[in-house]
Amino acid sequence: CTLRSWLNREFLNTAFTDKEQQRIETVTVEAECIHFTDTNDTQDKVFVLDDEEVEKYFITTAERICIPTEKAVSEGAYVDKNHDSGCLWWLRTGSVSMPNFVYAVDTDGSFDDDGFPVTASLVVRPAIVLRLD
């Protein structure tokens, strides 16, 4: 998808130096978007989490609240002033009931499993696995 391509090309090359990129592991990312034609697992350095990974790494809803950067806000990120200025962020888990919709984490840190259309302007919260040796 467009997001995956952007994360592993433009974002990776802009956000990290060559030396830093060498420490980022290439991992198998399990396909989660059941309604899309390309549902094969991929090998990526940068990816977005699925709902199970979010629950594993962000235990409470408060930990899941994503405060957008100034850049994200300037690019149109929605900010909810009622929930610690949190924003909506993408997951890679596809909606079971809605084709071309993907789960997100809501502004208050809860899961929005109704999903959003893949064309919506939500914040991207990139994930990487670092080699520490």
**Request:** Output the qualifying pairs, or none if there are none: Cβ atoms under 7 angstrom, residues six or more apart or on different chains, first residue in region 2-31 and closer than 12 Å to ALA127 by Cα and in contact (Cβ under 8 Å) with a residue 40 or more places away in the chain, second residue of a type outside the set (A, V, I, L, M) and assigned to a loop (DSSP other than H, G, I, E, B).
**Result:** LEU7/PRO126; PHE11/PRO126; ILE24/PHE16; ILE24/LYS45; GLU25/ARG131; VAL29/ASP41
**Fill in**
Residues in region 118-131 that are free of Cβ contacts under 8 Å to residues at least 60 places away in the same chain and either of a type in the set (A, V, I, L, M, F, W, C) or surrounded by 18 or more Cβ atoms within 10 Å (Cβ to Cβ) (or both) total 3
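Coordinate-derived values only; no laboratory data. Fair warning: this is a prediction, and the values are worked out from it, not measured in the lab. As a convention, Cβ positions derive from the backbone with ideal geometry for all residues, glycine included, and neighbour counts pool all protein chains shown.
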